[in-house]
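Trainee: My structure is below; once you've seen it, I'll send some questions.
All of the numbers you see were taken from the coordinates with simple rules; none came from a lab. As the structure is a prediction and not an experimental result, all values here were calculated from the model. Cβ placement follows ideal geometry from the backbone for every residue including glycine, while neighbour counts extend to all protein chains displayed.
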Amino acid sequence: MPAEKQAEKEPIWKTALKYFLHGISFSILLLILGIFWVVIFAILLAIGYIIGFIIGLLVLFIFVGGLNSFLTDMIWSIPIKTQWKGLLAHGVVLFIVLVIAGIPQLIVNLVASNLPVQVGLFIIYAFIDGFVAKKIGEQWEEEE
């Protein structure tokens, strides 16, 4: 079933909850994968300098694309292409868009950095990240 038709049948609160779940899950799992990636990245830098740096970035983008593919399939039931080249492109696009979408959050953090602001931004950006991640993931949907 195409994602557009599925979204039309769900109540708005359920769709919003899925965006929140996608965003929060993505953030938490990316934090865990990020710790694992830093170890790999450090080893690659120590071994290969520039080539290690490039391979480390490729691994990061594949992690990001793979994580979003997994979450998009699990939460939205949208099967995503999982060939390594597709995951790499998916990860690059998602990484760039999330960095751009996070600029307002960075500015607010620079102006007013306290716990209530941090919690509020985390909740707001869970919805934003979930929306962005789903829309990017849909671009790599498998054809039936």
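Trainee: If a helix is a whole DSSP H run, which ones in the chain reach 27 Å or further along their own axis (Cα) and hold a mean Kyte-Doolittle hydropathy of at least 1.6?
Mentor: Taking the DSSP H segments of the chain (at least 27 Å long, mean hydropathy at least 1.6), we get 12-76.
Trainee: Another question, if that's okay. Rounded to whole Å and ordered largest first, report the semi-axes of the equivalent ellipsoid of region 19-103 derived from its Cα gyration tensor (root of 5λ). Please report the intermediate quantities before stating the final value.
Mentor: Values: eigenvalues 114, 39, 28 Å².
Working through the eigenvalues yields semi-axes of 24, 14, 12 Å.
Trainee: Here is a further query. Considering the Cα positions of the chain, please state its Rg to one decimal place and its Dmax as a whole number of Å.
Mentor: Reported Rg and Dmax, both Å: 16.5, 52.
Trainee: Only Lys, Arg, Asp and Glu count, each charged at its Cβ (+1, +1, -1, -1), so figure out the dipole size of the chain about its Cα centre, rounded to 20 debye.
Mentor: 260 debye
Trainee: What ranking do W13, W37, W84, W140 get, fewest neighbouring Cβ atoms within 10 angstrom at the top? Kindly include the intermediate steps, with their values, before the conclusion.
Mentor: On the way: W13 8, W37 18, W84 11, W140 22.
Final ranking by Cβ density, sparse to dense: W13, W84, W37, W140.
Trainee: Something else: For the chain: lysine pairs with Cα atoms under 26 Å, gap of 8 or more or different chains, count?
Mentor: 19
Trainee: Per residue of the chain, what 222 nm ellipticity follows from adding -39500 (n - 2.57) for every DSSP H run with n ≥ 4, rounded to the nearest 500?
Mentor: One gets -30000 deg cm²/dmol as the mean residue ellipticity at 222 nm.
Trainee: Separate question: Suppose R0 equals 41 Å. What FRET efficiency, 1/(1 + (r/R0)^6) with r the Cβ-Cβ distance, do K9 and V38 give to the nearest 0.05?
Mentor: It comes out at approximately 0.50.
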